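Here's the structure we're looking at; comments come further down.
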Amino acid sequence: MKPASGSMITYSRPDGQQLQGYLAKPEKLEGAPAVVVIQEWWGVNEQIRGVADRLARAGYLALVPDLFRGKTTVEEAEASHLMSELDFGDAAAQDVRGAVQYLKQYAQKVAVSGYCMGGALTLLALCNVPEVSAGVVWYGFPPLEYIDASKIKVPLLAHWGTQDEFFPAETVDALEKKLAGASVDFEFHRYLAHHGFANETAVGPGRIAKTQFDPLWSQDAWDRTLTFYGRTLWK
């Protein structure tokens, strides 16, 4: 299988402002669905671009919005600072929605998927981006009071680690209860894993001690995600 060929592009937000994103194209673009991939707090680094490339090799057009406007880091303190400066409401309603609208020029259906910080933004996008067709959350969500579950009208898949110290099991249970109460079409999968279990760089120095990549659970979650996209995005 040929490697995906990604590049930085510029697109417009609904308010007219422009920002960049990393776009990875599948070998066959015609008829391909699309996915907006939302970064972790490290920025648009090689790892998250690799997620887009992997989706492109699987047949999807994938776009990673550059929410930090070119800034990346490998240090936890700086990542926390960058995330704290991000306006989550603006990022969901403008940066992410603009990315969805850009992809809608080429694809009939567009999903949104994010990791950690990106998972939180995925849930906010599902509440604020009417053009989205599905969502996949990887171990992250905002405070529950920011989620208007009644506005989530599309299928949602979510992956959680039962040993996640950032998003403990009882908080995931509370989110599940809120979504069920609003009759959201969702499925949760829980893995005996730590936070960041699908990030192959979540090991070693320079990373958070409470994160740990797990290749087996990561592959399991990836397979479930592709099955979910196959069911929700293809005609």
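Would you check if there is a residue in the range 100-118 being free of Cβ contacts under 8 Å to residues at least 60 places away in the same chain, of a type outside the set (D, E, K, R) and surrounded by 16 or more Cβ atoms within 10 Å (Cβ to Cβ)? Scanning the range 100-118, I find no residue that is free of Cβ contacts under 8 Å to residues at least 60 places away in the same chain, of a type outside the set (D, E, K, R) and surrounded by 16 or more Cβ atoms within 10 Å (Cβ to Cβ), so the answer is no.
Here residue 223 fulfils each of the conditions (1) assigned to a helix (DSSP H, G or I); (2) in contact (Cβ under 8 Å) with a residue 60 or more places away in the chain apart from (2). Candidates 93, 77, 56: the one that is out of contact with any Leu (no Cβ under 7 Å at 6 or more places or on another chain), under 30 Å from residue 164 (Cβ atoms), modelled with pLDDT under 95 and in a helix (DSSP H, G or I) is 77. Based on what the data block shows, is residue 66 surrounded by fewer than 22 Cβ atoms within 10 Å (Cβ to Cβ), without any contact (Cβ under 8 Å) to a residue 40 or more places away in the chain and among the acidic types (Asp, Glu)? The answer is no for residue 66. The single condition among (1) in a strand (DSSP E or B); (2) free of Cβ contacts under 8 Å to residues at least 60 places away in the same chain; (3) not basic (Lys, Arg) that residue 35 does not meet is (2).
The requirement of being surrounded by fewer than 14 Cβ atoms within 10 Å (Cβ to Cβ) and not in a helix (DSSP H, G or I) is not satisfied by residue 145.
Against the numbered list (1) buried (at least 24 other Cβ atoms within 10 Å of the Cβ); (2) not in a helix (DSSP H, G or I), residue 41 comes up short only at (1). For the range 128-136, the count of residues that are in contact with a helix residue (DSSP H, G or I) (Cβ under 8 Å, 6 or more places away or on another chain), assigned to a loop (DSSP other than H, G, I, E, B) and charged (D, E, K, R) is nonzero.
Selection over the range 120-137 of residues that are in contact with a Phe, Trp or Tyr (Cβ under 9 Å, 6 or more places away or on another chain), of a type in the set (Gly, Ala, Ser) and in contact (Cβ under 8 Å) with a residue 60 or more places away in the chain gives a count of 1. Considered as a group, the residues in the range 152-174 that are part of a loop (DSSP other than H, G, I, E, B), more than 13 Å from residue 191 (Cβ to Cβ) and without any contact (Cβ under 8 Å) to a residue 40 or more places away in the chain include one that is farthest from the chain's Cα centre (by Cα), and that residue is 168.
The values are calculated or read from the model by the stated rules, or taken from the named source; none is laboratory data. Just so we're clear, the structure is a prediction, and the values are computed from it rather than from any experiment. Virtual Cβ from ideal backbone geometry, glycine too; neighbours counted across all protein chains shown.
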